[in-house]
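Just below is one structure, and these are the notes that go with it.
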Amino acid sequence: QVQLVESGGGLVQPGGSLRLSCAASGFTFSGSDMSWYRQAPGKQRELVARIISGGRTNYADSVKGRFTISRDNAKNTVYLQMNSLKPEDTAVYYCYVFQFRQYWGQGTQVTVSS
């Protein structure tokens, strides 16, 4: 079955960096579009970045120029490199794929605070 397992979250100071990873299994990863979403307390879940199977990417305006999504098809893993982190980036970050229905990872907490 489809499984998405995120890792790499944590506590970081403003201006710092983190790299999130999402290990995927149970479907043809190389042919699938992959996304990162986030949900801050009291807010709706929002799309952060998407990478399509061909490698093209798109980003939320709030993270453009600071975050980079990438994928390693040999490792069935999608990454989110987050630089110049701000307190407003604090959220639970989720990996997402659609395979006839929505699949979400368990989420990884990112906290940006001094």
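The values are calculated or read from the model by the stated rules, or taken from the named source; none is laboratory data. Keep in mind that this is a model prediction, so the values were computed, not measured. Positions of Cβ are backbone-derived with ideal geometry, glycine not excepted, and every protein chain shown enters the neighbour counts. We work out accessible area using only protein heavy atoms, side chains counted, and drop any ligands, DNA or RNA first. Shrake-Rupley method; radii C 1.70, N 1.55, O 1.52, S 1.80 Å.
Could you check which residue among Ser70, Ser17, Ser62 shows the biggest mean-square fluctuation in a GNM of the chain with a 10 Å Cα cutoff? In the Gaussian network model the winner is Ser62. Among the GluC sites (Glu not before Pro) in the stretch 3-104, none sits in a DSSP loop with a Cβ that has at most 10 other Cβ atoms within 10 Å. If you average the C-alpha positions of the stretch 55-114 and of the stretch 11-37 separately, how far apart do those two centres end up, in angstrom? Comparing the Cα centres of the stretch 55-114 and the stretch 11-37, I get a distance of 5 Å. Heavy-atom accessible area with a 1.4 Å probe sorts Leu47, Leu4, largest first, into Leu47, Leu4.
Estimated at the nearest 10 Å², the accessible area of Lys64 is 120 Å² with a 1.4 Å probe.
Accessible-area rank, largest first, for Arg45, Arg19: Arg19, Arg45, with all protein chains present and a 1.4 angstrom probe.
Counting pairs of alpha carbon atoms under 8 Å apart in space and at least six apart in sequence, what relative contact order in percent does the chain give? Rounded, it is 36 percent for the chain.
Simple spin-label estimate for Gln99 and Asn73 gives 1.7 nm between the two label positions (7 Å along the Cα-to-Cβ direction from each Cα).
Share of carbon and sulfur in the accessible area of the stretch 42-81 stands at 42%, probe radius 1.4 Å. The lysines whose alpha-carbon is closer than 26 Å to the alpha-carbon of Lys86, local same-chain residues fewer than 8 away aside, are Lys43, Lys64. Applying 0.36 nm per residue to the separation of Arg56 and Ser113 and subtracting their alpha-carbon distance, the gain on full extension is 17.4 nm. With an a/c value of 1.5 or above and a/b not larger than b/c for the gyration tensor axes a ≥ b ≥ c computed over the alpha-carbon atoms, the stretch 64-105 is described as oblate.
Can you figure out the FRET efficiency of Gln13 with Gln44, using R₀ = 25 Å and their beta-carbon distance, to the nearest 0.05? Efficiency for this residue pair is about 0.40.
The residues of the stretch 1-110 expose, per residue, 53 Å² of accessible area to a 1.4 Å probe. The residue list Ile51, Ala23, Trp36 was ranked by how far each Cα lies along the charge dipole of the stretch 1-95 toward its positive end, using unit charges on Cβ atoms, and Ile51 comes out on top. For the stretch 47-114, give the magnitude of the charge dipole about the Cα centre (Cβ charges: +1 Lys/Arg, -1 Asp/Glu; no others), in debye to the nearest 20. About 220 debye.
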